[in-house]
Amino acid sequence: MKRLLVIFGLLTSTIAWAQTDFEVSSSADRMMIGDQIEIQLKAVVHVNDEVSWPAFPGLVQFGAFIDRKGIDTVVDGDELTLTETWILTSFDSGYAVVAPLELIVNGVSRAAEPQLIQVDLAENGPEYKDIENPLSTQLNYWLIWSALMVIISIAIGVIVYSYFLKSPEAPKAKMSDYRNITDFVLILVKDELAALQNQSKSVDEVLSTTTQLLHEYLFSNFMIQTAVGSPETWDEQLMQSEAYNGEQGELSGILNDISRVRFSGDLPKTEDGVEILSRITTWLSTISKVQHKKEEHEVVG
């Protein structure tokens, strides 16, 4: 009799396990930088099963989970359906990879298929789908570039005005201008640091603007195309430049820390933003081997 009960128990456990099903799916297999897509988790188990739900991972390759909507349950007889939606975004082009998520039922692990989402550049890719809530902190590269050009144009205009429109009777003095593009970017980063310390901008706004400045600076000063590759790839290209005087890994460390603070899912802390911007100002102050060209101009005294 005991032997029959053991066999019956094993059969019951097998039947309950046969009812278990776990799958992960995405609302799209292609997205653009800054878009948000839904990753849906769905499990069908027996009502008496002990279930351990997958942990919320936060960062993934080339992306991050930024929100979750809570687990919904539906009971149908002895069958229990569990569903939850996670929100995924991406901050770099390439492939956002969601590794196999693990559901544990009665101590037995069950892994879903991994998800691979292609991420395209927003300015070049077509509109693949309508996005209800795109990230609003991504700035246009051309906006930053235009701002830099305006600053440089104003500086040149002041020099030309001083040189050609000076009064011949007025006493003359010498003015030396040592600034280059590194100095201008450094000034803008320090402005963002001041805005953060004065709390006139949020941590996310300041880090987003600074990230775009660094992308433009890498292209303007070192001809590095940041539309492709990763921070580690750009580090290697920097080390091959004769104009670079920094250590390998400094740039990728800064950019990866910015992504961690912005996309970890937690509210960014002011002290984290201040620490990162301080590192950037130190990095910009020491990386260039290019000697500043001294330009002397006669100005009206």
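The values are calculated or read from the model by the stated rules, or taken from the named source; none is laboratory data. Please read all numbers here as calculations on a predicted model, not as lab measurements. Glycine gets a Cβ as well: all are built from the backbone with ideal geometry, and neighbour counts include every protein chain shown.
So, restricting to strands (runs of 3 or more DSSP E) that lie completely within the stretch 73-126, which ones have at least 2 residues that are among the charged types (D, E, K, R)?
By residue number, 79-90.
Select from the stretch 9-28 the residues that are modelled with pLDDT of 50 or more and out of contact with any strand residue (DSSP E or B) (no Cβ under 6 Å at 6 or more places or on another chain) and list them in ascending order.
Result: Ala18, single match.
Before we move on, is Val98 at pLDDT 50 or above, in the same structural domain as Gln61 (by TED's automatic domain parsing), more than 14 Å from Ala43 (Cβ to Cβ) and surrounded by 17 or more Cβ atoms within 10 Å (Cβ to Cβ)? Talk me through it step by step, then tell me what you get.
Numbers: at pLDDT 50 or above: yes; in the same structural domain as Gln61 (by TED's automatic domain parsing): yes; more than 14 Å from Ala43 (Cβ to Cβ): yes; surrounded by 17 or more Cβ atoms within 10 Å (Cβ to Cβ): yes.
The answer is yes for Val98.
For the structure I just gave you, tell me whether Lys190 is modelled with pLDDT under 85 and either in contact with a His (Cβ under 8 Å, 6 or more places away or on another chain) or surrounded by fewer than 19 Cβ atoms within 10 Å (Cβ to Cβ) (or both).
No.
When you go through (1) closer than 19 Å to Glu113 by Cα; (2) more than 27 Å from the chain's Cα centre (by Cα); (3) surrounded by 14 or more Cβ atoms within 10 Å (Cβ to Cβ) one by one for Glu84, which number turns out not to apply?
Among (1) closer than 19 Å to Glu113 by Cα; (2) more than 27 Å from the chain's Cα centre (by Cα); (3) surrounded by 14 or more Cβ atoms within 10 Å (Cβ to Cβ), the lone unmet condition for Glu84 is (2).
Within the stretch 228-239, identify whether any single residue is over 21 Å from Met149 (Cα atoms), among the hydrophobic types (A, V, I, L, M, F, W, C) and over 19 Å from the mean Cα position of the chain (by Cα), and answer yes or no.
yes
Any idea how many residues of the stretch 254-278 are without any contact (Cβ under 8 Å) to a residue 24 or more places away in the chain, assigned to a helix (DSSP H, G or I) and under 17 Å from the mean Cα position of the chain (by Cα)?
Summing the residues that are without any contact (Cβ under 8 Å) to a residue 24 or more places away in the chain, assigned to a helix (DSSP H, G or I) and under 17 Å from the mean Cα position of the chain (by Cα) in the stretch 254-278 gives 1.
Yes/no matrix, rows are residues, columns are (1) within 19 Å of Phe263 (Cβ to Cβ); (2) touching a Phe, Trp or Tyr at 6+ places or on another chain (Cβ under 7 Å); (3) of a type in the set (A, V, I, L, M); (4) assigned by TED's automatic domain parsing to the domain that holds Leu148:
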{"position": "Val203", "(1), (2), (3), (4)": "yes, no, yes, yes"}
{"position": "Leu207", "(1), (2), (3), (4)": "yes, no, yes, yes"}
{"position": "Thr210", "(1), (2), (3), (4)": "yes, no, no, yes"}
{"position": "Tyr217", "(1), (2), (3), (4)": "no, no, no, yes"}
{"position": "Ser220", "(1), (2), (3), (4)": "no, no, no, yes"}
{"position": "Ile224", "(1), (2), (3), (4)": "no, yes, yes, yes"}
{"position": "Val228", "(1), (2), (3), (4)": "no, no, yes, yes"}
{"position": "Thr233", "(1), (2), (3), (4)": "no, no, no, yes"}
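Conditions tested, residue by residue: (1) over 30 Å from Gln36 (Cα atoms); (2) modelled with pLDDT of 85 or more; (3) surrounded by 11 or more Cβ atoms within 10 Å (Cβ to Cβ).
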| position | (1), (2), (3) |
| --- | --- |
| Ile144 | no, no, yes |
| Ser153 | yes, no, no |
| Val158 | yes, no, yes |
| Ser162 | yes, no, yes |
| Leu165 | yes, no, no |
| Pro168 | yes, no, no |
| Pro171 | yes, no, no |
| Ser176 | yes, no, no |
| Arg179 | yes, no, yes |
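Could you list, in sequence order, the residues of the stretch 35-48 that are out of contact with any Ser or Thr (no Cβ under 6 Å at 6 or more places or on another chain) and either in a strand (DSSP E or B) or surrounded by 17 or more Cβ atoms within 10 Å (Cβ to Cβ) (or both)?
Across the stretch 35-48, the qualifying residues are Asp35, Leu41, Ala43, His46.
Quick check on my filter: what residues within the stretch 49-65 are part of a strand (DSSP E or B) and either within 24 Å of the chain's Cα centre (by Cα) or under 12 Å from Ser26 (Cβ atoms) (or both)?
Scanning the stretch 49-65 gives Leu59, Val60, Gln61, Gly63, Ala64, Phe65.
Looking only at residues that are touching a strand residue (DSSP E or B) at 6+ places or on another chain (Cβ under 8 Å) and under 19 Å from Ile287 (Cβ atoms) in the stretch 231-269, which one is surrounded by the most Cβ atoms within 10 Å (Cβ to Cβ)?
Filtering the stretch 231-269 for residues touching a strand residue (DSSP E or B) at 6+ places or on another chain (Cβ under 8 Å) gives 238, 243-245, 259-260, 263-265.
Within this subset, residues satisfying the condition of being under 19 Å from Ile287 (Cβ atoms) are 238, 243-245.
Details: Leu238: 22, Ala243: 13, Tyr244: 20, Asn245: 12.
Restricting to residues being touching a strand residue (DSSP E or B) at 6+ places or on another chain (Cβ under 8 Å) and under 19 Å from Ile287 (Cβ atoms), the top hit is Leu238.
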